[in-house]
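Below is one structure, written out as structure tokens; the observations come after it.
Please treat every number below as a calculation from the coordinates, not as lab data. Quick caveat: nothing in here was measured; it's all calculated off a predicted structure. When we count neighbours, we look across all protein chains shown, and the Cβ atoms used for this are built from the backbone with ideal geometry, even at glycine.
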Amino acid sequence: MYNVETFIERTMKSALSQTYENIEYLVVDDGSDDNSLDIVKDYQVKHPRGNDIHIISHSKNFGPAIARNRIINEAKGVFLYFLDSDDVICEDAISMMMEHTLGDGADIVFGSMEKILLSGERIIYQYPEMHFHLENDFANYSYRRYAGIQASACNFLFRLSIVRENALYFYNSNYWEDFVFVLDLVTYIDKAVLLPDITYTYICRQNSLSNFQKRDHVEKSEVLRNVGVAEYMKLGSQRLKDKPYFPQRCYVAVMTDFYIACNLLKRRKEIYPRITNKEIRDLFSHPASVWEICAFRQFKLKNLFLYLLGKMPPSLCISIVWCLGKMKKLV
């Protein structure tokens, strides 16, 4: 949590009202300078589950990736579930998910989600009920289209040992870090369950990290650090070359570059020093060679197009990205 005194009480109430009894609550105070920490400490003292609340304090604001990584290292449970400090979960969310870890032997369970926009409009992201048991099936499903699952850090319960044994951590970026973490995690999991039950309510708010888009000046160094998450994902693709979903993984990795490039073009005047056409073009490095792409049975043409974008003269690449971004209403 970071400066969420207006929201943290609502979030704590939803977390502490869980019907599942055996829960450790790890709250990372990421350098808040408002009353967020005092509110949580009050719950420690007064709530019946107060002894289960453990606070981890950071001396300054490090960001969500480092906070989540700290939880991965310090959690004592067998399973882990992330909840953002301004969202809420239904009271039987953990019970429903744990039921499937015990009954199905699942290593990961996803719930469906409701999103409340700034306008008050509600959007439902609902899965069909699905059970995966065979090798590669869940990763294949996760990589269909651009992404077959909601690849945020929240609203799924996962076996902590899988993350620790494979040294999976969040990349230190303000954006996309959860997307890459989840799409790496699914490659290590065969037994998974998707639930149609709405277990999580994601509440958009002004000035949250995910909605903090309007600034007159953005340092180029910050932009390049956030862009690095896509390169991190591409480097992690090399170990998956023998997997049937490798073409989809490549497509997702470089399409992430496309979305980032569109955002850079949209906000180019805010970035200082100016980001060049070549720097944006160079985002489109591809994790596969042209010969590997030609041998793909799936996503061949899409990957080939993205590969060629990275080989074009910068001005031509940017013109194509701009036109496609306009068509998709991204720029």
| note | Taking a ≥ b ≥ c as the square roots of the Cα gyration tensor eigenvalues, with a/c under 1.5 meaning rounded and otherwise prolate when a/b beats b/c or oblate if not, the range 1-78 comes out oblate
| field | Cβ-based charge dipole, the chain, positive-most Cα from Met327, Phe170, Gln238 | value | Met327
| remark: Projected onto the charge dipole of the range 8-209 (unit charges on the beta-carbon of Lys, Arg, Asp and Glu, signs +1, +1, -1, -1), the Cα from Ile23, Leu194, Leu37 with the largest positive-side position is that of Leu37
| request: Would you mind estimating how fast the chain diffuses translationally, via Stokes-Einstein at 4 °C and 1.567 mPa s with the Kirkwood radius over Cα pairs, in µm²/s? | output: 61
| message | Please rank Arg144, Arg274, fewest neighbouring Cβ atoms within 10 Å first, as an exposure proxy. | response | Arg274, Arg144
| task | Among Ser85, Thr101, Ala75, flag the residue with its Cα farthest along the positive direction of the charge dipole of the range 1-114, charges on Cβ as +1 for Lys/Arg and -1 for Asp/Glu. | result | Ala75
| message | Could you list Ile94, Ile189 so that the one with the fewest beta carbons within 10 Å of its beta carbon is first and the one with the most is last? | response | Ile189, Ile94
| task | Could you please state, rounded to a whole Å, how far the C-alpha centre of the range 299-331 is from the C-alpha centre of the range 61-96? | result | 37
| request: Place a +1 charge on the Cβ of each Lys and Arg in the chain and a -1 charge on the Cβ of each Asp and Glu, then give the dipole magnitude about the Cα centre in debye, rounded to the nearest 20. | output: 1960
| field | Fewest-first ranking of His47, His286, using other Cβ atoms within 10 Å as the exposure measure | value | His47, His286
| request: Hey, could you get me the Stokes-Einstein D for the range 58-156, Kirkwood radius over alpha-carbon pairs, 25 °C and 0.890 mPa s, rounded to whole µm² s⁻¹? | output: 155
| query | Given +1 on the Cβ of Lys and Arg, -1 on the Cβ of Asp and Glu, and no further charges, what dipole in debye does the range 82-129 carry about its Cα centre, rounded to the nearest 20? | reply | 160
